[in-house]
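Please read the structure below before turning to the comments.
The values are calculated or read from the model by the stated rules, or taken from the named source; none is laboratory data. Since the model is a prediction, treat every value here as computed from it, not as a measurement. Note that each Cβ is placed from the backbone with ideal geometry, even for glycine, and that neighbours are counted across all protein chains shown.
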Amino acid sequence: MAKRILLTGGGSAGHVTPHLALLPRLKAEGFEIHYVGTADGIEHKLMAAREGVTYHTISAGKMRRYFSLKNFTDPFRVVKGFFQSRRIIKTVAPDVVFSKGGFVSLPVVFAAYKKAPVVTHESDYTPGLANRLIAKRADKICVTFEDTLNFVGAKGVHTGTPIRPELYGGSREDGLKFLGFSGEKPVLLVMGGSQGAKAINDVVRESLPTLLSRFDVVHLCGAGKLDETFQSAGYVQYEYMSEALPHVFAATDIVVSRAGANSVFEFLALAKPALLIPLPLSASRGDQILNAGYFARKGYAAVLEQDKLTPETLAEAVEELFTNRLSYIARMSADALADGTDEVLNVIREAMERAKKK
């Protein structure tokens with residue numbers, strides 16, 4: 001009889017990409033894989049067409065920390081999603097549910113409570129609102145940062161985060177060819193998350209005369225954020241990158257990035273020194289600031305706060321990072337939990353075994 005796993009999570013790419021890392025291993029172990037998400041979220045774009053994955057659609061509502069008229073209607077969407085999830089769980093009868101958090105996962109986990117073991121994964125340094133609610137109904141809580149164990153109690157397991165296996169298969173030669181770079185200069189990769197980052201984009205473009213004297217620059221600027229007025233030798237820009245990303249990572253010497261947990265742990269797994277520019281408190285709950293602080297304390301990355309971001313401070317910080325890159329690489333390469341795929345899979349297997357014995 002096939003083992004069945006139900007995956008859920010969405011709202012941002014960070015709530016989906018760890019699932020992508022698990023898929024090849026789950027398939028190899030003979031799991032029948034189901035995914036629950038929304039019809040129009042990023043999780044649908046990333047998961048619905050995956051071979052070997054059955055995608056189920058539910059309604060979901062976002063929990064906002066600011067005033068919005070949708071705050072009055074979205075609770076009804078969550079309730080609708082709960083009943084839809086109950087029907088899906090009854091039909092699928094999963095042996096285990098694995099949640100990556102985010103508002104999409106909330107009705108699914110509530111519906112699965114006491115019907116299947118639930119393992120959830122928290123990427124950030126402190127749990128988000130959805131995962132704080134989910135935690136009460138989860139059997140185990142996998143955490144990316146060891147310090148996060150202080151926030152989740154006895155259910156917590158320090159696993160790290162699953163890393164997409166294809167990222168390890170990149171070719172520097174193929175990356176340089178794709179980008180049109182000669183390889184004579186070091187390569188600086190700039191990325192602002194799946195939605196892009198205007199503050200970083202603007203300052204990077206202002207800094208190009210200085211940066212291009214030292215680096216070739218590849219700029220992932222986010223959907224709708226290309227600016228064709230900036231065209232220079234050694235500078236290429238893309239909204240988003242998928243298939244070519246492993247090769248571009250292989251060609252990259254240093255990175256400038258936001259501090260989303262999945263991104264920073266991918267840099268760690270690939271030993272890519274990064275200058276992190278976390279989202280400020282004015283635009284977030286502060287999770288990226290904590291993520292970046294942890295990486296700075298470990299000696300894995302440098303940090304530049306957004307309120308100090310100027311063309312001058314950016315160029316100076318990038319040059320310092322490159323000068324000291326070998327020290328960062330040595331520390332990153334020594335981390336035993338840079339890739340948490342095996343550890344997360346172990347927790348999932350153990351949750352299934354405990355459920356069978358009950």
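Can you spot a residue in the stretch 200-223 that is among the hydroxyl-bearing types (S, T, Y) and touching a strand residue (DSSP E or B) at 6+ places or on another chain (Cβ under 8 Å)?
No, that holds for no residue.
All conditions in (1) closer than 25 Å to H158 by Cα; (2) without any contact (Cβ under 8 Å) to a residue 12 or more places away in the chain; (3) basic (K, R) hold for K308, with the sole exception of (1).
Evaluation of D147 against the conditions (1) farther than 24 Å from L20 by Cβ; (2) free of Cβ contacts under 8 Å to residues at least 60 places away in the same chain shows that the sole unmet condition is (2). Among residues of the stretch 39-62 that are on the phi < 0 side of the Ramachandran plot, those with a beta-carbon under 7 Å from a residue that is in a helix (DSSP H, G or I) and of a type in the set (S, T, N, Q) at least six positions away or on a different chain give the pairs I58/Q84; I58/S85; S59/Q84. Within the stretch 113-136, being surrounded by fewer than 24 Cβ atoms within 10 Å (Cβ to Cβ), over 27 Å from A296 (Cα atoms) and not hydroxyl-bearing (S, T, Y) holds for K114, K115, A116, P117, L133, A135, K136. State whether one or more residues within the stretch 85-107 are modelled with pLDDT under 95, surrounded by fewer than 24 Cβ atoms within 10 Å (Cβ to Cβ), closer than 24 Å to L26 by Cβ and acidic (D, E). No, there is no match, as no residue in the stretch 85-107 is modelled with pLDDT under 95, surrounded by fewer than 24 Cβ atoms within 10 Å (Cβ to Cβ), closer than 24 Å to L26 by Cβ and acidic (D, E).
Mind listing whichever residues of the stretch 300-358 are assigned to a helix (DSSP H, G or I) and of a type in the set (G, A, S)?
Looking only at the stretch 300-358, we keep the residues that are assigned to a helix (DSSP H, G or I), and these are 306-308, 311-323, 325-333, 341-357.
Within the stretch 300-358, A315, A317, S327, A330, S333, A351, A355 meet the criteria.
Here the stretch 96-123 is the region considered, the condition is being of a type in the set (D, E, K, R) and under 20 Å from the mean Cα position of the chain (by Cα), and the residue that is farthest from A2 (Cα to Cα) is E122.
Quick check: anything in the stretch 60-67 touching a Ser or Thr at 6+ places or on another chain (Cβ under 7 Å), surrounded by fewer than 19 Cβ atoms within 10 Å (Cβ to Cβ) and at pLDDT below 95? No, the stretch 60-67 contains no residue that is touching a Ser or Thr at 6+ places or on another chain (Cβ under 7 Å), surrounded by fewer than 19 Cβ atoms within 10 Å (Cβ to Cβ) and at pLDDT below 95. Listed by position, the strands (runs of 3 or more DSSP E) enclosed by the stretch 228-290 that each have at least 2 residues that are buried (at least 23 other Cβ atoms within 10 Å of the Cβ) are 254-257, 274-276. Looking at (1) part of a loop (DSSP other than H, G, I, E, B); (2) modelled with pLDDT of 90 or more, which is the one condition that is false for F110? (1) is the only condition that F110 fails. Looking only at the stretch 177-204, residues that are within 26 Å of A223 (Cβ to Cβ), surrounded by fewer than 19 Cβ atoms within 10 Å (Cβ to Cβ) and either in contact with a helix residue (DSSP H, G or I) (Cβ under 7 Å, 6 or more places away or on another chain) or among the aromatic types (F, W, Y) (or both) come to 2 in all.
Exactly one residue out of D139, D147 is more than 30 Å from R297 (Cβ to Cβ) and of a type in the set (D, E), and it is D139.
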